[in-house]
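Peer 1: Please find one structure pasted underneath; my questions will follow.
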Amino acid sequence: MKNIIRFILMLVQNPIVLAILWLGVAVRGFWVSWAEGLANNYLIFSRSFFHALEQTSLYVEYPKEYFDLFLYGIPFTLLIAPFSIMPTMVGSALWSLFNALLLYFAIKKLEFERWKTAIIIWLSYNGLYLAVVTQQYNAAVAALILFTFILVERKKDFWAALMIVLGTLTKIYGVVGLAFFLFSKRKLYFLWGILFWGLVLFVVPMFYSSPQYVFDSYKEWVSILLVKDDVNELSFYQNISLLGMVRKITHAVEYSDMWLIIPGIVLFLLPYFRIGQYENRNFRLSFLASVLLFMVLFSTGTEECGYVGALIGVGIWYVSTPTYKKNVCAEYMLVAILFCVDGSVFKQYPFFETFQNRIYNFICT
């Protein structure tokens, strides 16, 4: 059995195996999304580009095209444009791969040791599946935050600013990338990049719509996000966050979320006072993990498919925590895999659950 354990450990850390796993999950997620009628989000996304071309409102219902509402900023119509002009199934498939591969390369660019990358991949791939199967943008958002951190680390602050602006003007969450500002060695370039890319992404949509349409779209976007925030408070499928947990457990609706958000922000900011640790890479990585978790735990818009970023955050926190051992032990690696591999992806393979139980029993005895 020990030889089997060693072989599994070697296998699950193999970069080729990890790449195949990640790509396979994306392909399966895409297939299930269409087979089970879960691709409505892609229809919303792809049609937004044509609505911008026609200069019709992005934020009203179009029941003949899809259900639900578009809730992203107008620069998102530019991002989705290459996929929108393709046949629907082709565009959807490439959209799924784009999100998955962008996040995969972001994780790889963190340049962890092989076993650390393996833990992050295995911890988060099920989150990727949930994001892809619903055709969501969450994986790309997480990737943009990772790339912000990576580019700041490499002193490419101007390009880091692009990641922040793109993430913010498409789905708000990218704004958390500003948290890395104090780690920047080139703060003026960082600020200049924010102003430059903010102007570029504000103006570009005007070339395929009109200035007035862009101004009106931003006004509508802010309004609908405020409405959506109120609707999300007790929603069953939304607000799967710390804020939502407290509301749903207590059934209280009178209090303001700020009673939780403000203490959360204070706790989030406390590490900034450890100025002497700014040069410590593990400290900065731990802060990156905190950013990824914060955006999920303190957002009323958090959905099940949004946890891909939080799972990556947990993985980064785990592998960057100081430890006496430089290599991961078999038990930790296997437990990470066993408790994160669930039936979502492998439910059609009964032997997998049996194998899980045998390995688990071996570890525990």
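The values are calculated or read from the model by the stated rules, or taken from the named source; none is laboratory data. These figures come from a predicted structure and were not determined experimentally. Here Cβ is always computed from backbone atoms with ideal geometry, including for glycine, and neighbour counts include all displayed protein chains. Remember, those area values only see protein heavy atoms, side chains included, never the ligands or the DNA or RNA. Shrake-Rupley method; radii C 1.70, N 1.55, O 1.52, S 1.80 Å.
Peer 1: Tilt of helix 15-35 relative to the longest C-alpha principal axis of the chain, in degrees (0 to 90, nearest 10)?
Peer 2: Long axis of 15-35 versus the principal axis of the chain: about 50 degrees.
Peer 1: In nm, give the distance between the simple-model label positions of residue 248 and residue 191, each being 7 Å from the Cα along the Cα-to-Cβ direction.
Peer 2: According to this spin-label approximation, the distance is 4.3 nm.
Peer 1: Follow-up question, since we're still on this one. What's the carbon and sulfur percent of the range 108-149's accessible surface, probe 1.4 angstrom, rounded to a whole number?
Peer 2: The nonpolar share, carbon plus sulfur, comes to 50 percent.
Peer 1: I would also like to ask the following. Work out, step by step, the length gained on full extension between residue 71 and residue 90: first 0.36 nm times the residue separation, then minus their alpha carbon distance; give nm to one decimal.
Peer 2: 4.5 nm
Peer 1: Sticking with the crude label model, points 7 Å out along Cα→Cβ, report the distance from residue 178 to residue 207 in nm, one decimal please.
Peer 2: Computed distance between label sites residue 178 and residue 207 equals 2.7 nm.
Peer 1: At 0.36 nm per residue, minus the direct Cα-Cα distance, what do residue 231 and residue 255 gain on full extension? Give it in nm, one decimal, please.
Peer 2: So the chain would gain 7.1 nm between residue 231 and residue 255.
Peer 1: Also: If you consider only alpha-carbon coordinates, what radius of gyration and Dmax does the chain have, in Å?
Peer 2: My reading of the Cα-based Rg and Dmax gives 21.2, 68 Å.
Peer 1: Let me ask something else about it. Go through the range 231-267 and name the chymotrypsin sites (Phe, Trp or Tyr not before Pro) that are in a DSSP coil and have 16 or fewer other Cβ atoms within 10 Å of their Cβ.
Peer 2: Passing sites in the range 231-267 are 236, 237, 255.
Peer 1: Okay, moving on. If each of residue 40 and residue 64 carries a label point 7 Å out from its Cα toward its Cβ, how far apart are those two points in nm?
Peer 2: About 1.9 nm, to one decimal.
Peer 1: Could I ask something else about it? Do the alpha carbons of any pairs in 108/185; 64/248; 116/156; 109/185; 108/171 sit beyond 30 Å of each other, and which pairs?
Peer 2: 64/248
Peer 1: What is the packing order of peptides 289-302, 57-70, 83-96, 161-174, taking the mean over residues of other C-beta atoms within 10 Å and listing the highest first?
Peer 2: For the peptides 289-302, 57-70, 83-96, 161-174, the packing ranking is 161-174, 289-302, 83-96, 57-70.
Peer 1: A further question follows. Give, to the nearest whole percent, the P(r) tail of the range 91-196 beyond 16 angstrom, counting all Cα pairs.
Peer 2: 58
Peer 1: Here's another thing I want to ask about it. Rank by packing, highest mean first: peptides 228-234, 272-278, with packing defined as the count of other Cβ atoms within 10 Å averaged across residues.
Peer 2: My ranking of the peptides, most packed first, is 228-234, 272-278.
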